[in-house]
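Here is the structure we will look at, set down as structure tokens.
The values are calculated or read from the model by the stated rules, or taken from the named source; none is laboratory data. As the structure is a computational prediction, the values presented were derived from the model and not from experiment. Virtual Cβ from ideal backbone geometry, glycine too; neighbours counted across all protein chains shown. When the accessible area is computed, the model is the full protein with side chains, heavy atoms only, and any ligands, DNA or RNA have been set aside. Shrake-Rupley method; radii C 1.70, N 1.55, O 1.52, S 1.80 Å.
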Amino acid sequence: GGGGGAAMADGEGLVSVDYEVHGKVQGVFFRKYTQAEAKKLGLVGWVQNTSHGTVQGQIQGPTARVRELQDWLRKIGSPQSRISRADFSNEKKIEALEHKEFQILK
């Protein structure tokens with residue numbers, strides 16, 4: 001790492017966070033809506049269904065935008081979904097985005 005450089009305003013640094021959403025989130029276009037919402041917010045990462053009925057993935061982008069998607073994953077989701085809870089883990093600051101776009105993984 002080099003010197004400090006200009007301090008970025010709070011909420012403007014990049015973060016990476018993993019998520020898992022529980023409830024009725026498969027077969028309700030949850031991944032498609034998550035991808036659309038992430039793209040709207042300018043975030044990158046991925047989303048996929050798990051074998052145990054949840055949806056999981058990773059979000060990367062400016063902290064404030066990541067928070068917006070976390071709220072969306074907690075409370076909104078796709079129109080037919082019923083979210084019981086969303087867990088977030090492995091949050092860390094990153095220097096650069098590790099994904100090119102927000103993908104739906106099979």
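Being under 16 Å from V17 (Cα atoms) and open to solvent by 90 Å² or more (accessible area, probe 1.4 Å) is the filter here, so list the residues in region 73-84 that pass it.
Going residue by residue through region 73-84, those that are under 16 Å from V17 (Cα atoms) are 73-74.
Within region 73-84, R74 is the sole residue that qualifies.
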Log entry, pairs with first residue in region 24-37 being closer than 15 Å to L105 by Cα, second being basic (K, R) and at pLDDT below 95, beta carbons closer than 8 Å, six or more apart or on different chains, reads none
Check: Would you say Q80 is under 14 Å from L14 (Cβ atoms) and either of a type outside the set (F, W, Y) or free of Cβ contacts under 8 Å to residues at least 24 places away in the same chain (or both)?
Finding: no
Over region 33-47, the set of residues open to solvent by 10 Å² or more (accessible area, probe 1.4 Å), assigned to a helix (DSSP H, G or I) and over 13 Å from R65 (Cα atoms) is Y33, Q35, A36
Of the residues in region 48-58 that are open to solvent by less than 50 Å² (accessible area, probe 1.4 Å) and small (G, A, S), the one that is farthest from E91 (Cα to Cα) is G53
Discussion item. Looking for something out of contact with any helix residue (DSSP H, G or I) (no Cβ under 6 Å at 6 or more places or on another chain), within 15 Å of I94 (Cβ to Cβ), open to solvent by 40 Å² or more (accessible area, probe 1.4 Å) and at pLDDT 95 or above - is there at least one such residue anywhere in region 3-26?
Written reply: yes
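Say whether the condition of being surrounded by 13 or more Cβ atoms within 10 Å (Cβ to Cβ), assigned to a loop (DSSP other than H, G, I, E, B) and at pLDDT 95 or above is met by at least one residue in region 59-67.
No, region 59-67 contains no residue that is surrounded by 13 or more Cβ atoms within 10 Å (Cβ to Cβ), assigned to a loop (DSSP other than H, G, I, E, B) and at pLDDT 95 or above.
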